[in-house]
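What follows is a single structure, written as structure tokens, with notes after it.
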Amino acid sequence: MAGPQSDALVIFGVTGDLAYKKIFPALQSMARHGDLTMPVIGSGRHDLPLDQLRDHARQSLTEHGGVDEDAFAILSRQLRYAAVDATKPETFANLKEALGGARHPLYYLAIPPSAFEATVTGLGQSGLANGARVVVEKPFGHDLKSAQELNRTLRGVFPEDAIFRLDHYLGKEPVQNLVYFRYANSFLEPIWNRNYIDNVQITMAEAFGVEGRGAFYEEAGAIRDVVQNHLLQVTALLAMDPPLGGDHEALRDEKSQVFKAIRPLTPTHVVRGQFAGYRDEAGVAPDSRVETFAAVRLHIDNWRWSGVPFYIRAGKNLPVTATEVLVELKSPPANVFHDPHDAHPNYFRFQLSPHVVVALGARTKRPGEQMRGEAGELVAQHYPADELEPYERLLGDAMRGDMTLFTREDTIENAWRIVDPVLDQPTPLYQYDPQTWGPSEADTLIAGDGGWHTPTLPPTPPMKTQAAAQQQAPAAG
Ligand code: BG6
């Protein structure tokens, strides 16, 4: 933990998409939990009466989770507005005035990347960066070179321990759960390596398309949008060594080691796809070669993982919306029962959305004369994920100065180093039909490791198996 609690929150881009969809709901939730005790200063380029900002906040909440009148009243009381046009340095005086006596503001850059530099420079030149922290959202740069430039800009104004590079995946409860499960149990560590694990797969499937964000997506594509950040972060949490000590650098140090060990991608380890109809979306070029689907095979060149492929598959317009990790164990050394289904019998399954699931796949004997088995799962935990949580958690952490769940400069740059060789380069782009699992070439990529695992969708209504598992657990002590 570093430094004092932030005493004001400034949201640059307060009328933008991110604030509308994620930040206002998080602020209302903070208010509900008694954590919104500081002024919240919205900022945009143009004048905006405070009443209009309040109406805007209410509208955002109506559309994203509903208005909690008591919490909204707290949020409304804390709201201020300051018009700042970063291209006009004199307008930072408006912010200074709105900050009043605040000494340790947290600046949230919920603005397009093209506006980062001027805003950060303006904060520095107006003296408002002293004692402050800054949160920067993804996309953090466009490639390695631009990420390095952005880091240089930020580091020219803020010290590294005041820069919070936000990847909302790291604030997700099920992602936290992964880390907890790995290090709160003793049975896992002995087998969590190349001797027992055959391959690891992460699927992030979205059943929807680009939802009006065509222009943004044209600049991104699946690799930049979710592989370089969310899914490489999950990979690092799965693959890292145990963090040493409780300090917030401990986890970041271990993740950083993994990022260093991941081999840069080569075209042979990447399959890109584009769903049919993408080019008709608003803001999309009629001859766009941007991928809406990517499948990659990663190699981690370290002692623990050498030779174990890590597969990532992510796409829009796939058959379901679900994110799931499957860690497949090696087969038993002999097929004692000559059961044709005994290949790859064991696995760990972590569903990150739509539910939180932690399960172990195992085979058991089917009743009867024959030594024939069936696949089953020991489900340790299963409950619906709460999508609002990540931003509330991460904002609270940033205000306390806790950097554990934020991405460090070296890690961001290493993540770009991994994907850089396959960005913007003419690797083949295969078309796939909406609501399918992407191009068949993606199946070929993983064919040698038994094929892709399809995320298991939760039954409706959702099961509550955690309580059942607890009831069956032997009493401690
Ligand atoms: C964002 C991407 O970072 O993550 C989106 O830009 C994607 O394209 C989203 O849909 C997924 O996050 P979540 O938390 O909604 O699963």
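The values are calculated or read from the model by the stated rules, or taken from the named source; none is laboratory data. Being a predicted model, the structure only gives us computed values, none of them experimental. Positions of Cβ are generated from backbone atoms using ideal geometry, with glycine treated the same way; all protein chains shown enter the neighbour counts. Ligands, DNA and RNA are stripped out before the accessible areas are found, and what is left, the full protein with its side chains, is counted by its heavy atoms. Shrake-Rupley method; radii C 1.70, N 1.55, O 1.52, S 1.80 Å.
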Name the pairs: first residue in the stretch 284-312 and more than 12 Å from residue 258 (Cα to Cα), second residue open to solvent by 10 Å² or more (accessible area, probe 1.4 Å) and small (Gly, Ala, Ser), Cβ to Cβ under 8 Å, at least 6 apart or on different chains? 284/215; 290/220; 292/209; 293/438; 295/438
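Of the residues 374, 369, 328, which is more than 16 Å from the ligand (Cβ to nearest atom), over 30 Å from residue 265 (Cα atoms), among the charged types (D, E, K, R) and assigned to a strand (DSSP E or B)?
Selected residue: 374, the only one of 374, 369, 328 that is more than 16 Å from the ligand (Cβ to nearest atom), over 30 Å from residue 265 (Cα atoms), among the charged types (D, E, K, R) and assigned to a strand (DSSP E or B).
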Of the conditions (1) acidic (Asp, Glu); (2) closer than 22 Å to residue 140 by Cα; (3) part of a loop (DSSP other than H, G, I, E, B), residue 249 satisfies every one except a single condition; which number is it? (3)
Pair list, Cβ < 9 Å and 6+ apart or interchain, from the stretch 149-172 residues that are without any contact (Cβ under 8 Å) to a residue 60 or more places away in the chain and closer than 27 Å to residue 392 by Cβ to residues that are within 16 Å of the ligand (Cβ to nearest atom) and assigned to a helix (DSSP H, G or I): 150/113; 150/412
Filter the stretch 297-313 for residues that are open to solvent by less than 20 Å² (accessible area, probe 1.4 Å) and touching a Phe, Trp or Tyr at 6+ places or on another chain (Cβ under 7 Å); which is nearest to the ligand (Cβ to nearest atom)? 313
For the stretch 331-361, enumerate the residues that are touching an Asp or Glu at 6+ places or on another chain (Cβ under 6 Å), part of a strand (DSSP E or B) and open to solvent by 10 Å² or more (accessible area, probe 1.4 Å). 347
Provide a single number: the residues in the stretch 118-143 that are away from the ligand (no atom under 16 Å from the Cβ), open to solvent by 40 Å² or more (accessible area, probe 1.4 Å) and under 24 Å from the mean Cα position of the chain (by Cα). 1
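Being at pLDDT 95 or above, within 11 Å of the ligand (Cβ to nearest atom), surrounded by fewer than 19 Cβ atoms within 10 Å (Cβ to Cβ) and on the phi < 0 side of the Ramachandran plot: is that true of residue 216 here?
So residue 216 does not fit the description; no.
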Would you pick out the residues in the stretch 246-262 that are without any contact (Cβ under 8 Å) to a residue 60 or more places away in the chain and more than 17 Å from residue 176 (Cα to Cα)? 257, 258, 261
Any chance you could count how many residues in the stretch 382-413 are over 22 Å from residue 38 (Cα atoms) and open to solvent by 30 Å² or more (accessible area, probe 1.4 Å)? 9
With respect to the numbered conditions (1) surrounded by fewer than 22 Cβ atoms within 10 Å (Cβ to Cβ); (2) under 16 Å from residue 237 (Cα atoms); (3) within 16 Å of the ligand (Cβ to nearest atom), which one is the sole condition not fulfilled by residue 184? (3)
Among what's in the stretch 417-444 and is part of a helix (DSSP H, G or I) and open to solvent by less than 20 Å² (accessible area, probe 1.4 Å), pick the residue that is farthest from residue 356 (Cα to Cα). 422
Residues in the stretch 219-252 that are more than 23 Å from residue 301 (Cβ to Cβ) and within 16 Å of the ligand (Cβ to nearest atom): how many? 7
Given (1) at negative phi; (2) surrounded by fewer than 22 Cβ atoms within 10 Å (Cβ to Cβ); (3) within 11 Å of the ligand (Cβ to nearest atom), identify the lone condition not met by residue 211. (1)
Residue pairs meeting the criteria (Cβ under 9 Å; at least 6 apart or on separate chains; first hydroxyl-bearing (Ser, Thr, Tyr), in the stretch 371-393; second within 13 Å of the ligand (Cβ to nearest atom) and outside any strand (DSSP E or B)): 391/22; 391/25; 391/26; 391/168; 391/171
Within the bounds of the stretch 271-283, is there any residue that is within 16 Å of the ligand (Cβ to nearest atom), over 23 Å from residue 197 (Cα atoms), of a type in the set (Asp, Glu) and open to solvent by 50 Å² or more (accessible area, probe 1.4 Å)? yes
